[in-house]
Amino acid sequence: MKIAIIGGGPAGLYAAILLKKQRPEAEITVYERNRADDTFGFGVVFSDATLDNFEIYDPPSYRRITQEFAYWDDIAVHFRGTVHRVGGNGFCGCSRRRLLLILQERARELGVALLFEADIDDEARFADADLVVLADGINSRFRDKYIEHFQPEVDVRSNMFAWMGSTRPLDAFTFIFQETEWGPFIAHAYQYEVGRSTWIFETDPATFKRAGLEGLNEKQSADRMAGIFGWFLEGHQLLTNRSMWRNFPMIRSKRWVKDNMVLLGDAKATAHFSIGSGTKLAMEDAIALADAMHRAPTMDVALQQYEQGRREEVEKTQHAADVSLVWFEHVDRFWDFDPVQFAFGVMTRAKAITYDNLTLRAPDFVSEVEKAFAKQVRAKGFDVDVEKPVAPMFQPLRLREMELSNRAVVSPMCMYSAKEGVPGDFHFVHYGSRAIGGAGLIFTEMTCVSREARITPGCTGLWNDEQEAGWHRIVDFVHANSAAKICLQLGHAGRKGATKLMWDGMDRPLEEGGWDVLSASPIPYFPDSQVPREMDRAAMDAVKAAFVQAAERGERCGFDMLELHCAHGYLLASFISPLTNQRTDAYGGSLANRLRFPLEVFEALRAAWPAHKPMSVRISATDWAEGGITGDDAVAVARAFAEAGVDLVDVSTGQTVRDAQPVYGRMFQTPFSDQVRNEARVATMCVGNITTADQVNTILAAGRADLVALGRPHLVDPSFTLKAAAWYGAEAVFCPPQYLPGKEQIFRNSERDRQDFEDLRIKAKPKTRAELKAEATKPLAAE
Ligand SMILES: Cc1cc2nc3c(=O)[nH]c(=O)nc-3n(C[C@H](O)[C@H](O)[C@H](O)COP(=O)(O)OP(=O)(O)OC[C@H]3O[C@@H](n4cnc5c(N)ncnc54)[C@H](O)[C@@H]3O)c2cc1C
Ligand SMILES: Cc1cc2nc3c(=O)[nH]c(=O)nc-3n(C[C@H](O)[C@H](O)[C@H](O)COP(=O)(O)O)c2cc1C
């Protein structure tokens, strides 16, 4: 067998090693355009988990690599004169040059031919090769040559970065967030061998320009960085090696295989340097390729298996890298945060590290985060314990005069079970049990302001006395038997009205018994949906009046709060999104015009709703569709409502148009809440695939939302909050007297379970290489 490998970076060399071990008879050649020791860059970083993989696949290179490594456990965050250190991270740094020399040496030992200064521009010379590995890096010539086939998507990110080195020793992975007269600069730095550290500097394009970095040569820009970070460098030099300022390209390729050619490493996909996974991904690609070649009967099958088997893992890492890079791009959002909350945000930015996980690893740090959070709550006039605070989820919140005893919320959810809009026994039990279950705030389902405003025949309403009596009974029960507050969500279905019950076909038009529907523009939701009537001024006035009357009824029912539904493509949302609003009058066109009618309704409600009671608005912060609402628009929408007196923005997304492309995942809407909260400076509630109390605490402690709503989890677990309170030992959670024996039992058991769980986690956690090394070098006297 003949294998040609184009590119002698980590991907190409490691693939050569593993394939040669597997097929000693194969003729394997690596073609590298540079000289053997002519490599750019400084250090690379691997996690313990990646090194475990290397140990399994090639112990000799693993041993040599790890002998050369610098180990560390801590991540240190420097921000506004503070430093926060978090242990238990298990990372290793190594010189890229040493890594490549080790891999070259190992490849040679095994009999791989290494040809340097061999710049390949045409793969035709490998016509007799059984396999051609394209490991030619981020600017892959061959990926571009077959661009139509591989279909790479290149997303060039906005921030500028430069990769430098230093002699400054470091004992932790170090992030420095530095304020300057031009704007924020960030350094990502770590030691990779004795006396050498990698320094990646990053800044936004405006700061880059203001700081006059444009057009400077390497030496000049290193001098500028040394000026900015000199206080930390303590006289150590900054070193350069092709350290030009660049923009990071996030690359994703639709296909990785063409005939007998296969893309590996950066050539196929990149991961942002802030999660330090580029070299890991490159070498693990080589592992995946070797595994597939080992298993599969033919080359074709092997290459297909490589691509199919590897893609998910690569995309997961890329997603984490994406989330992380966006955090760094928007660091200014958090610049006025308390430093410990800022550091918590840095640690939890990519979702892998959470509140609970940090509590195990760095209890003192989390205790400081909790105290800072409690102090903020205390500053709002709550008499909370700041020395031994409860977890953020159980901290109170005030909106106008409404006080919530905790931050967990039951999201609005249609039950499709009303008769002529009247909430019945099902609703009474549903809302009642969720209130008893401990959530601080409960939202009603979308309650329709008129018969024609309903989504389905099963939707609840609030336009007549019978409905008012039904809601009154529910509100009275909640107030009499729980500590929960209850918010009425009012809405109008618009073009999504006159549709079937969820279980008969979501958003599908009713076959009989429907009614005329309204929208901003006459565009049907499905091609076979009813064409809505474009609203004229008279229709607007009638709808506005219906909202006000429903709010007045809501006040008589005793609701604590009112939410205006302007999300999910319903009537008011149809005005906001340019995809559903094609009007040419004063209610269409610019965002300000599109917001005019929803704001009018809001203002009318605000005037009718008692001044001491809060109001929220639910928005779709993105349409997940080309030409639709984006996060930046959502910030403008939130600002407009905040000016009109909104107390909370309930940040949801999508459901505007049928052909949207939402990107789901854990907590997938939280970034939008983060953006709205920290750019528009308005309180937010986030929601969407948040399923654990750990996630709730992570989001709140990082300042990404003020309240966290859970929809589907509450459908199966009304006592989500009570159980979470038991886990976190939040004794003050409300429990009705009838249920107290259950509360006592779960609190007792949870304390024990939690202790067992933590012991197990600690026992099950292998020692990091840094810990092992520290133990091995510990002087005997210290034993
Ligand atoms: C600023 C920055 C910081 C980073 N920090 C880290 C980090 O801390 N940890 C980490 O793991 N990763 C890091 N990376 C990522 C890492 O450098 C890459 O992801 C990794 O090197 C990818 O390996 P590769 O083998 O796919 O590509 P490369 O290492 O780029 O290797 C490709 C090779 O192909 C050669 N080549 C290209 N074209 C041809 C041709 N036509 N003919 C012959 N040879 C060719 C090139 O000369 C090169 O040697 C960082 C990247 C950047 C930009
Ligand atoms: C069955 C069901 C009904 C819903 N009804 C409403 C509703 O009436 N009003 C509303 O604003 N959102 C409604 N939603 C959206 C939820 O409030 C929530 O945003 C969504 O389910 C995502 O959160 P989750 O992942 O916690 O379920 C509904 C969701 C579900 C699953």
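The Kirkwood radius of the range 101-155, taken over pairs of alpha-carbon atoms, gives through the Stokes-Einstein law at 10 °C and 1.306 mPa s a diffusion coefficient of 117 µm² s⁻¹.
Using the Cβ-Cβ distance between I138 and N689 with R0 = 25 Å, the FRET efficiency computed as 1/(1 + (r/R0)^6) comes to roughly 0.20. Taken over the alpha carbons of the range 537-690 as equal point scatterers, the Debye sum produces base-10 log I(q)/I(0) values at 0.09, 0.10, 0.12 Å⁻¹ of -0.27, -0.33, -0.48. Projected label points at K723 and D37, each 7 Å from Cα along the beta carbon direction, are separated by 6.1 nanometres. Rounded to the nearest 500, the 222 nm mean residue ellipticity of the chain from helices alone is -12500 deg cm²/dmol, with -39,500 (n - 2.57) taken per DSSP H run of at least 4 residues.
Within the chain, all pairs of alpha-carbon atoms sorted by distance into 20 Å bins from zero give the percentages 15, 41, 33, 11, 0. In the range 575-620 the Cα-Cα distances spread across 10 Å bins starting at 0 as 27, 43, 24, 6 percent of all pairs. Pairwise inverse Cα distances across the range 1-142, averaged and inverted, put the Kirkwood hydrodynamic radius at 16.6 Å. Within 15 Å, Cβ to Cβ, of D38, how many net charges do the neighbouring residues add up to if Lys/Arg are +1 and Asp/Glu are -1? With Lys, Arg at +1 and Asp, Glu at -1, the neighbours total +2. A Förster distance of 30 Å, applied to the separation of the beta-carbon atoms of Y739 and A379, puts the FRET efficiency at 0.35. Among the helices of the chain, those built from whole DSSP H runs whose Cα atoms reach 27 Å or more along their own axis and whose mean Kyte-Doolittle hydropathy is at least -1.0 are 299-329, 537-557. On a per residue basis, the convex hull of the C-alpha atoms belonging to the range 232-307 measures out at 131 Å³.
For the pair E511 and A538 in one chain, pulling the backbone fully straight at 0.36 nm per residue adds 6.9 nm over the alpha carbon distance.
In summary, the range 231-375 shows an alpha-carbon radius of gyration equal to 1.39 times the 2.2 N^0.38 Å reference for compact globular proteins. Using Cα centres only, tell me the gap between the range 30-50 and the range 121-146 in whole Å. Cα centres, the range 30-50 to the range 121-146: 19 Å. Beta bridges per DSSP, both residues in the chain: antiparallel share near 50 percent.
Lys/Arg Cβ at +1, Asp/Glu Cβ at -1, dipole of the chain taken about the Cα centre: which of A206, V386, V301 is farthest positive-ward? The Cα lying farthest towards the positive end belongs to V386. Annotation: the range 539-606 has a Kirkwood hydrodynamic radius of 12.6 angstrom, from the mean reciprocal C-alpha pair distance. FRET efficiency for the D425 to R712 pair, using the beta carbon distance and R₀ = 25 Å, is estimated at 0.65.
Both numbers refer to the Cα atoms of the range 1-83; Rg and Dmax are 17.2, 60 Å. Taken over the range 679-753, the percentage of Cα pairs per 10 Å bin, counting from 0 up to the bin with the maximum distance, is 17, 43, 30, 8, 1.
Is the range 433-509 rounded, prolate or oblate when judged by the Cα gyration tensor, a ≥ b ≥ c being the square roots of its eigenvalues, rounded requiring a/c under 1.5 and prolate requiring a/b larger than b/c? Verdict is prolate for the range 433-509. For G742, the shell of other residues with beta-carbons less than 12 Å away shows a net charge of +2, using +1 for Lys and Arg and -1 for Asp and Glu.
When the Cα atoms of the range 130-195 are aligned to their principal axes, the ranges along those axes come out at 49, 33, 15 Å in descending order.
Based on the Stokes-Einstein relation at 25 °C and a viscosity of 0.890 mPa s, and on the Kirkwood radius from alpha carbon pairs, the range 467-520 is assigned a translational diffusion coefficient of 177 µm²/s. Using the alpha-carbon centroid of each, what span in Å lies between the range 420-436 and the range 153-183? Centre-to-centre (Cα) distance: 54 Å. Please list the three semi-axes, largest first and in whole Å, of the ellipsoid equivalent to the range 293-362, using sqrt of 5 times the eigenvalues of its alpha carbon gyration tensor. Largest first, the range 293-362 gives 39, 15, 5 Å.
Read the figures in this text as sums done on the coordinates, not as results from a lab. Computed from a predicted structure; not experimentally measured. Note that each Cβ is placed from the backbone with ideal geometry, even for glycine, and that neighbours are counted across all protein chains shown.
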